[in-house]
Amino acid sequence: MTVIAGIGYALIALGPSLSLFVSVVSQKPFLILTVLSSTLLWLISLIVLSGVWRAFLPLKTTAWWPYAILIITSIAFQEGLRLLFWKVYKYVEIMGRLEDILDAFADKVSKPRLFLTDKMQIALAGGLGHGVAHAVFFCLSLLTPAFGRATFFVDRCSQLPFFLVSALIALAFVTIHTFSMVIAFNGYAEGNKMDQIFVPVVHMVAGMVTLINLASGGCVIGIPLLYFFAMLTLMHCGKMVWRRLTETRSRQSGS
Amino acid sequence: MPVTYHSLTLQMAIGSQTLFLNQSVNPFRNVKRRGESSRDENTLLVPRATARPLWSGVSDFLSISPSPPWIPTSSTFCFSLLPSFISLSMVTEGDTRSLESVPDLEKSMYKIVDGYPCVRLLNLSGEIGCSNPGREKFLYKVPKLSDDSKFAKNVVGVLIESGSESQMKLKGFSPVEKFPQAEFAPYRSINYEWNPIGSGIMWKSYNFPIFLLSQSGTMTLQEVASKNENNKKSYTADVAEFDLVMQTTKSGTHDSESCLKEGTCLPLGGYRGSVWSSLPPINVSSDQSKPVILTVASMDSASFFRDKSFGADSPISGLISLMAAVDALSHLDGLNDLSKQLVFLVFTGEAWGYLGSRRFLLELDLHSEFVKGIDSTLIEMVVEIGSVGKVFNGVKTFFAHVAGVSSVSNETLNALQQAKDSLKSENIMISTANSSNPGIPPSSLMSFFRKNSSTSGIVLEDFDATFANQFYHSHLDDLSNVNSSAIVAAASLVARTLYILASDDKDSSTSALSAINVNASLVEALLGCLLNCDPGLSCELVKNYITPRTNCPSNYVGVLLEEPSATPYPGYVSDVSRFIWNFLADRTSISKENAASACPKDCRNEGEVCIGAELDGKGVCVISTTRYVPAYSTRLMVDKSGIWKVMAVNSSDSMEDPVWTESNWDALGLRVYTVQNAAYDRLVLLGGLAVTLLAYLAILVSRAFIIKVLKQD
């Protein structure tokens, strides 16, 4: 009865995204649109990358460094795209259209702090789109055999079934992507260099950490390390949100 | 092969496919529809709780032990469509076979085990062969090898490994009875043992699947068993999935009559199965009254495993002999001046109730168009070439088994002697069979004799009182069981004998006879084509005439895929039949006067046939009398609605006909893979649900917190 297992793996990878979607995104139609367009953008980025790399694939090599190059170039491209995403968002804002949209979107008379959380929600939705795209592309697409009778273990990571490893890694990346976008948008808005650098660096490091899985038994180290970075992102985002909200509050009360 | 039903499987896989189709080498796999056992081979038995009787003859057993789970060998997989951060990329040493897609992944998960199945066959009184007991595939843990005959009673499946060949070949093995098809014998002593090695296990019914593993299949399974030792996980287990679901078992029809009525089986035979050819071609318009000498061989064999039955010594050696003899005779001039007509006949279905010969005789009586040109009253003599592939101590001895005593038979025996003398070889001997034999050995001649006891005929065999073939009707009767020089010798004998018989005595001078020579390289080529998988039916000789559908010749008669009255569809005729038809037509042909026109469009005149019609545009139109004859039970007919019916017995000939049918089946296969415990699956689901719910709670908490923070205003 491994339909059960298949659903389980899918939930591990995308369950929290689903929760986030249901509780936050689905309340506001604009956020749904943001998620969809973000997902689309990141899927297109993956297609472009695979088009570029097509000539070199499949990588018939046992060395690790071709994979490293693959990861570095791809992440660099995606971070560039994130900047572009931000610029488009700013453009929309500058053109004033965002105000109108946000008017319709805010259910109270707009106050600066709602405006801030609304912006954060948009960033969160953007990040969620990114994360979902990652999970669908790298985990769900491989999951169809998991619904069958057999399971699969890989030599180099024989402690866990392959599908489980795939789902766990997808979950970690969903977390990283979702909260990275909040940090990044905030960093660009504030001009905070620390935040601006934090996101690409964490993304790159997390990507490289997956190379540890190439080693035999590496996933025992690789996956916890990945979750460390996911937690790091989550906490940094939380700290940043707290700081901004208290700043705003103190500014409010101060003025 | 019928594809008329689909197995009901409770498999609810979305995207899980049955992967054991479309593998070119093994015959049972390249047809969607669709088959070295001896007492000394190791067998793998998988026990079950309820007791079952076990057939004797299997000496080594394996027991199930709570085997540690097995992890399949994995391969490299790098998802090359995924350009960025490859989340999981594993490489195995040495083997850089990469998984490039999800179907590749599935193929690595499910390992197909190469093997030949044993299928369910039915007759009027019951059934034989093997089947899954129920409606679906079932899985059992692959056990370790060990000897524990305690488990012999609890068998749910048998996998027979291909052991070392020499070990098997020492003793001999034959799964049929000691007097095969005794019910068709024209004499009473049916207790005589023509085949003393025969164990009769093929004639029993088994309610569990039996597969003969090929070499690669054996290795796969041994890998599985050895990985058992190294594995420590308790939540996974390696299983073997047997798919041998037979429609007759599912529908509960357990004999031919009921299953034909339900449409869950099909009768054995072929609409265009047997082939006959006349040398030289018969001029139908002229009044032919030349006496006819029939030379007969058969082309089908049987075995416990439907797809591995080469039948090398019995009967293909006789078939090759006949074809080589036709080839030798075809080079002579003056064939039209022979005083007798030579007709060569190759039957199919002989292993399953002499379907070919009995149907042929019926068609002769009915004067149907299949046998146009042969007048049954003109048949003077029947010469059958049986098993002729054996050499003993360097001497090729052939025995002529005579049916009845008559002057014609004596004449034939003399002709044989004369032919042998003309061959001037020390190593060829011919003698009459022992008079203490009860009569002719199991052969197509039995049908002729039962029909008309005054028929004169002889059967040429390489044995006297008992079969020389130690592997009669088994999967081990293959190329290594025959000697090509024996076949060449038999062909030479037959060719010269036929010439002597067909011409007047004065003409059979030594010089005329010495012009009849059998092409030994043709015999070698035929052996390679008909008894081997490489080159098999892709050999040049076959490809000159037809486009074969498979490489491995399976000399099993197969089932009737169409009704006899329908327009024949070439797709349903077996490769070997088509090849023999084309070969005989070619050898017995006379070219047309005008240039060979494009076939088959312009080849419609009387007496014309198109050779190589399948080869695009390369068909040659010639004058030849070569026809197909249906081969199926004389007790079967198709009614108006297209359903096969068993007719009431109306002649003594049909009384013993068992009316063999084969059950319909969808796909046959065996595969091994790892499965997880249901408990583990549930744990994963629980984990997923937990993660989702926790996330939801965390979000609610954060949201409440943020609102609280914002409200402190």
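The values are calculated or read from the model by the stated rules, or taken from the named source; none is laboratory data. The shown structure was predicted, so the numbers you read here are calculated from the model rather than taken from an experiment. Don't worry about glycine lacking a Cβ; one is built from the backbone with ideal geometry, like all the others, and counts go over all protein chains shown. The area values use the complete protein model at the heavy-atom level, side chains included, leaving out ligands, DNA and RNA. Shrake-Rupley method; radii C 1.70, N 1.55, O 1.52, S 1.80 Å.
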Checklist entry - Can you tell me which residues in the range A:205-221 are at the interface with chain B (Cβ under 9 Å from one of its Cβ atoms) and either in contact with an Asp or Glu (Cβ under 7 Å, 6 or more places away or on another chain) or assigned to a helix (DSSP H, G or I) (or both)? => result A:ALA206, A:GLY207, A:MET208, A:THR210, A:LEU211, A:ASN213, A:LEU214, A:CYS219
Item to check | Subset of the range B:418-473 (residues that are at positive phi and of a type in the set (A, V, I, L, M, F, W, C)) | outcome: none
Item to check | strands (runs of 3 or more DSSP E) contained entirely in the range B:150-252, each with at least 2 residues that are at pLDDT 80 or above and open to solvent by less than 50 Å² (accessible area, probe 1.4 Å) | outcome: B:210-213, B:236-243
Item to check | Search result, residues across the range B:695-713 that are of a type in the set (Val, Ile, Thr) and under 15 Å from A:PHE21 (Cα atoms) | outcome: B:ILE699
Next on the checklist: Please pick out the residue among B:GLY318, B:GLY356, B:GLY373 that is over 30 Å from the mean Cα position of the chain (by Cα) and either at pLDDT below 90 or in a helix (DSSP H, G or I) (or both).
Outcome noted: B:GLY373
Checklist entry - Between residues in the range A:1-20 that are more than 7 Å from chain B (Cβ to nearest Cβ) and more than 16 Å from A:HIS134 (Cα to Cα) and residues that are part of a loop (DSSP other than H, G, I, E, B) and open to solvent by 20 Å² or more (accessible area, probe 1.4 Å), which pairs lie under 8 Å by C-beta distance while being six or more apart or on different chains? => result A:GLY6/B:ILE14
Item to check | Options A:VAL182, A:VAL174, A:VAL136; residue that is open to solvent by 50 Å² or more (accessible area, probe 1.4 Å) and either at pLDDT 85 or above or not in a helix (DSSP H, G or I) (or both) | outcome: A:VAL136
Checklist entry - How many residues are facing chain A (nearest Cβ under 8 Å), open to solvent by 20 Å² or more (accessible area, probe 1.4 Å) and not hydroxyl-bearing (Ser, Thr, Tyr) if we restrict to the range B:696-713? => result 7
Checklist entry - Considering only the range A:69-78, how many residues are facing chain B (nearest Cβ under 10 Å) and either farther than 13 Å from A:SER50 by Cα or surrounded by fewer than 14 Cβ atoms within 10 Å (Cβ to Cβ) (or both)? => result 2
Item to check | Only one of B:ASP681, B:ASP657, B:ASP666 that is facing chain A (nearest Cβ under 10 Å) and open to solvent by less than 60 Å² (accessible area, probe 1.4 Å) | outcome: B:ASP681
Checklist entry - When the residues of the range B:377-415 are filtered to those that are surrounded by 16 or more Cβ atoms within 10 Å (Cβ to Cβ) and of a type in the set (Ser, Thr, Tyr), which remaining residue is modelled with the lowest pLDDT? => result B:SER409
Checklist entry - If you go through the range A:130-162, how many residues are more than 8 Å from chain B (Cβ to nearest Cβ) and more than 20 Å from the chain's Cα centre (by Cα)? => result 3
Checklist entry - If A:LEU41 satisfies every condition in (1) more than 7 Å from chain B (Cβ to nearest Cβ); (2) open to solvent by less than 30 Å² (accessible area, probe 1.4 Å); (3) in contact with a Phe, Trp or Tyr (Cβ under 7 Å, 6 or more places away or on another chain) but one, which is the exception? => result (2)
Next on the checklist: Condition first: part of a helix (DSSP H, G or I), in contact with a Ser or Thr (Cβ under 8 Å, 6 or more places away or on another chain), closer than 30 Å to B:GLU608 by Cβ and modelled with pLDDT under 90. Can you find one or more residues in the range B:565-576 that meet it?
Outcome noted: yes
Next on the checklist: I'd like the residue in the range B:501-522 that is exposed (fewer than 15 other Cβ atoms within 10 Å of the Cβ) and assigned to a helix (DSSP H, G or I) and, out of all such residues, is modelled with the highest pLDDT.
Outcome noted: B:SER521
Item to check | Test for A:ILE47: is it open to solvent by 30 Å² or more (accessible area, probe 1.4 Å), out of contact with any helix residue (DSSP H, G or I) (no Cβ under 9 Å at 6 or more places or on another chain) and either assigned to a helix (DSSP H, G or I) or of a type outside the set (Val, Ile, Thr) (or both) | outcome: yes
Next on the checklist: For a quick check of your reading of the model, give me the residue pairs whose first member lies in the range A:21-33 and is at the interface with another protein chain (Cβ under 10 Å from one of its Cβ atoms), whose second is in a loop (DSSP other than H, G, I, E, B) and exposed (fewer than 15 other Cβ atoms within 10 Å of the Cβ), with beta-carbon atoms closer than 6 Å and at least 6 apart or on different chains.
Outcome noted: none
Item to check | Meets criteria (more than 18 Å from the chain's Cα centre (by Cα) and closer than 25 Å to A:VAL209 by Cα) for A:ILE44 | outcome: no
